[in-house]
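Notes to accompany the following structure.
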Amino acid sequence: MSKTSASCFHTLVPCAGTGSRAGTASPKQYQDVAGQPMIMHTVQSLAQVPQLTSGWVILSPVDDFSWPELDWPSHFRRVPCGGASRAQSVFNGLQAMRQAGVPDSDWVLVHDAARCLITPEAVSQLIEACRNDAVGGLLALPLPDTLKSHALDEQGARVASTVPRADKWLAQTPQMFRLGALHEALASVSASGFEGITDESSAMERLGLSPRLVPGSAQNLKVTYPADFAFAEAVLKGKA
C-alpha cells in the first residue's frame, strides 16, 4: 500500500478565540444559533465526513464552557492547549496530535469554529481533490464582486482604484495539509509570534509552496459580525 493511500485524515478546529468583532458577551463560537452553540453545528457537520478518522477541538486552557455531551461525536476530542492567536492554537494543536502518535504523513484539515455552515459534502470534495496532491489545498471562492482599493481623507475612505479580480480568491476553510509539513511551516515563523500568518496556506506559501485552490461555496462564510448570526440561523433552521 502506498504512503498516500495509507494516510489518514483528521480535522483540527481552533476554538480558543474571543470573537471580539462579533459584539457578543462571550466567545462567539459558544453563542446559540438555531438551538445550540455554534461550535456544535460545526463539530456535528465535520463528524459526518466519512473520510475523517478523528477531530481535535483546540480550546483555551481556561475554557469554562459547559460542553454538551449528548451530541458530542465519539471520535472527536477537546484539547485545552490553545494559544493567544489562531496560528498559535493550530501550532499547539499539531504538537498535541504528534505527541498522541498521529503520523506526520497524515492529513490535517484545519477548520474555523465559526464556519458553522460547512457541509460534509464540501469537506469530502476537498479531501478527494487534494489527497494525492504534493502540497495540499483549501476551499476558496473566486472573488464575485468588483474589488476596490481605498485612500483615506478627513471624511473617511474613498476609492483609490479598481483592482483586477480575475485571479483573486476568498480563502475559506478547511485547509488541508500533511501534519508534518504544516507543523514545519508554522515552526519556522513561531519565533516571530507567527507574524503575517493569517491562515495555514499563508504559512505553507512562506516555504515557497503553492496550495491547491478548490472551489467552495458562498454559504461557507465565517460568522464574524452580528448580521452573520441571523444569516447562519436562517440557513440552519432551513436545513432542519
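FYI, it's all coordinate maths here, none of it is from the lab. All values derive from a computational prediction rather than experimental measurement. Here Cβ is always computed from backbone atoms with ideal geometry, including for glycine, and neighbour counts include all displayed protein chains.
Think of the stretch 3-239 as having a plus end and a minus end, set by charges on the Cβ of Lys, Arg, Asp and Glu; of A87, G55, S7, S7 sits farthest toward the positive end of this dipole. Per-residue ellipticity at 222 nm, computed for the chain from helices alone with -39500 (n - 2.57) per DSSP H run of at least four residues, works out to -8000 deg cm²/dmol. Here the stretch 125-182 and the stretch 47-96 have alpha carbon centers that stand 25 Å from each other.
Taking the number of Cβ atoms within 10 Å of each Cβ as an exposure proxy, the fewest-first ranking of L126, L117 is L117, L126. Summing Lys and Arg as +1 and Asp and Glu as -1 over all other residues whose Cβ lies under 11 Å from the Cβ of P211 gives a net charge of -3.
Setting aside same-chain residues fewer than 8 positions from K28, which lysines have a Cα under 23 Å from its Cα? Output for K28: K222, K237, K239. As a length-normalised measure over Cα pairs under 8 Å and 6 or more apart, the relative contact order of the stretch 126-240 settles at 31 percent.
Counting only Cα atoms, the stretch 1-142 measures 50, 33, 32 Å along its principal axes, largest extent leading.
Volume per residue of the convex hull around the Cα atoms, evaluated for the stretch 61-114, comes out as 111 Å³. Annotation: Cα Rg of the stretch 165-240 relative to the compact-globule expectation 2.2 N^0.38 Å equals 1.39.
Please give the net charge around F231, taking every other residue with its beta carbon less than 12 angstrom from that of F231, where Lys and Arg add +1 and Asp and Glu add -1. In short, 0. If you plug the beta carbon distance of D153 and Q125 into 1/(1 + (r/R0)^6) with R0 = 51 Å, you get a FRET efficiency near 0.70. About its Cα centre, the stretch 3-239 has a charge dipole of approximately 240 debye under the convention of +1 per Lys or Arg Cβ and -1 per Asp or Glu Cβ, with nothing else charged. Ordered by the count of other Cβ atoms within 10 Å of each Cβ, fewest first, T224, T11 give T224, T11.
The base-10 log of I(q)/I(0) for the stretch 3-239, evaluated at q = 0.12 Å⁻¹, reads -0.69 [Debye formula, identical scatterers on Cα atoms, solvent excluded].
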